[in-house]
Amino acid sequence: MDSNRTEGNMIIPKEPKLTEEQLKEIKDIVNEYNCKIQPIEGIHRTIYALLGEEREQVMINRILGLDYIDRFDAIDSPYKLMDIHSELTHHQIKVGNSIVGTEPFIIAGQCTIDPNNPNYFLETAHAVKEAGAKAIRGGVWKPRTMPYSYQGDDSAIKILVEAREQTGLPIDTEVMDEHQLEVAMDAKVDILQIGTRNALNYSLLKKIGEKTAGTQTAVLLKRSRAMGPINELIAAAEYIAAGGNPNVMLCPRGTIPQVDGYRNNPDESITPLVKEKTWAPVIVDPSHSVGRAKYVCAASMAAMAYGADGLIIETHVDPKYGIGDDPKQALKPDELKTLINNVNLIWGLTKKK
Ligand code: PEP
Ligand code: MN
C-alpha cells in the first residue's frame, strides 16, 4: 500500500444521528486504540469518521457489535471524506437558497470592498442579484503582493453584511487568519474563501474546519498557484472536512507559470479530472485565471462546458473606481448578465438531468 493511502472508515448509525450517550460509548472504545471520532453533519444525517490507526479488528468488531450501528464503510483512499466513493458522495452543500450542483451557482461582486465608498459595494450587490448571481463576493481583507497596498479593514464586514440584508443573497469573503475567521463567523458569513496563497496553509485549513464544524458555513477553497497534482487540492479540502466541515467547494483559479497575456495559467480544464476523484462541487474563478475583464466571459463558458458547478466572477458597477483587482478584471453588471445567460445555456446542454 502506498504510504499516503489508508483504509478510510466511516461509522454509519441506524438512526440519522447518534445520541450523546451512544457517541460517548463509541468514543470510549476508540480512545482505547488511540483513535478519534469526527462527526460529519450532513443536511439529512450525520456520519462518523474514524481517524487514526483505524484498522484494529477488535475495535471494529466491538463497534459493529453495538445494536445502534448499521455498518462500517471502508474506502481505500488518501482522502476518506472527500473521495468520490466516500459515504459523503451524496452530500449536498446548501448556500442561501441554493443547493450547489442543481443550477449554476454564480458568486459575483467586487474584489475588494472600499470602506470609504460603501455605496459602490451596495449598488454592485443589487446589480449582481439583478443579473442572476446567487451569492455576493466582497473582500474585507486582502492578500496583497505589496505591503503598502490596501490590506482590507475589519470595518468592511459591516458593508458586506448590509449587502446581504438588502439583497437577501448569501455572502462570501476571504479569511487569512484566526482573527479574520472569528470576525467573519460572528457576522455569519455564508462562504469563507481560502485564497490561493493559503491553500497550502494546513494549520489554517484545520482551524477553519474545526471552528465551522457542525455549521452550514461553506468553504470555497481556491487552488494554490503552485499546486500541480489534483490530489493536492483534494487533500487540502480533506483537512477542512477532517476538522469537521465537509461543505467544501473547490476553485480552480489559475496557476503559474502564467501564459503570456493572461494573469495566470488558466486551469478550468482540470474540472472533469477533479470531478472523477471527488464529490466536491467545482466553482471556477476565471477572473483571476485570465485576469482581464475582456477574456472572462469566454473562460467562464469553457469552465461550464468542462462541467463546473458554478463560477466566481469579479464584478463592479464602475470598475475604474474599484480597488484591488477590480479596475483590471471586474465585469460590469450588464456583462455579467450576458455571461450568466450564456453559461445557463451551456449548463442546459451539458448537465445530465
Ligand atoms: C480574490 O478572490 O480576490 C483573491 C485574492 O483570490 P486568489 O486567492 O485566487 O488570488
Ligand atoms: Mn481579486
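Each residue in the stretch 296-322 was checked for being within 24 Å of the chain's Cα centre (by Cα), among the β-branched types (Val, Ile, Thr) and under 16 Å from GLY139 (Cα atoms), and 3 of them qualify. The residues on offer are LEU221, LEU273, LEU233, LEU250, and the sole one that is open to solvent by 10 Å² or more (accessible area, probe 1.4 Å) and under 18 Å from the mean Cα position of the chain (by Cα) is LEU273. Restricting the search to strands (runs of 3 or more DSSP E) fully inside the stretch 1-120 and requiring at least 2 residues that are among the small types (Gly, Ala, Ser) and farther than 30 Å from ILE346 by Cβ gives 69-77.
Screening the candidates TYR79, TYR68, TYR120 for the property of being open to solvent by 50 Å² or more (accessible area, probe 1.4 Å) and aromatic (Phe, Trp, Tyr) yields one hit, TYR120. Residues satisfying the criterion are present in the stretch 135-156 (criterion: in a helix (DSSP H, G or I) and farther than 26 Å from GLY243 by Cα). Kindly establish whether LYS328 is over 24 Å from ASN231 (Cα atoms), surrounded by fewer than 24 Cβ atoms within 10 Å (Cβ to Cβ) and away from ligand 1 (no atom under 14 Å from the Cβ). Criteria not met by LYS328. Criterion applied to ALA133, ALA49 was being under 23 Å from ALA218 (Cα atoms) and outside the structural domain of THR315 (by TED's automatic domain parsing), and the one residue passing it is ALA49. Return yes when LEU349 is part of a helix (DSSP H, G or I) and within 16 Å of ligand 2 (Cβ to nearest atom) and no when it is not. Here the answer is no, as LEU349 does not meet what is asked.
When the stretch 98-115 is filtered for residues that are polar (S, T, N, Q) and either open to solvent by less than 50 Å² (accessible area, probe 1.4 Å) or not assigned by TED's automatic domain parsing to the domain that holds PRO281 (or both), the ones remaining, listed by number, are SER98, GLN110, THR112. For the stretch 276-300, filtered to residues that are of a type in the set (Ser, Thr, Tyr) and within 16 Å of ligand 2 (Cβ to nearest atom), the residue that is most open to solvent (accessible area, probe 1.4 Å) is TYR295.
The values are calculated or read from the model by the stated rules, or taken from the named source; none is laboratory data. Worth saying up front: this structure is predicted, and the values here are computed from it rather than measured. We place every Cβ from the backbone using ideal geometry, glycine too, and count neighbours over all the protein chains shown. Heads up: the accessible areas ignore ligands, DNA and RNA and are worked out on the full protein's heavy atoms, side chains in. Shrake-Rupley method; radii C 1.70, N 1.55, O 1.52, S 1.80 Å.
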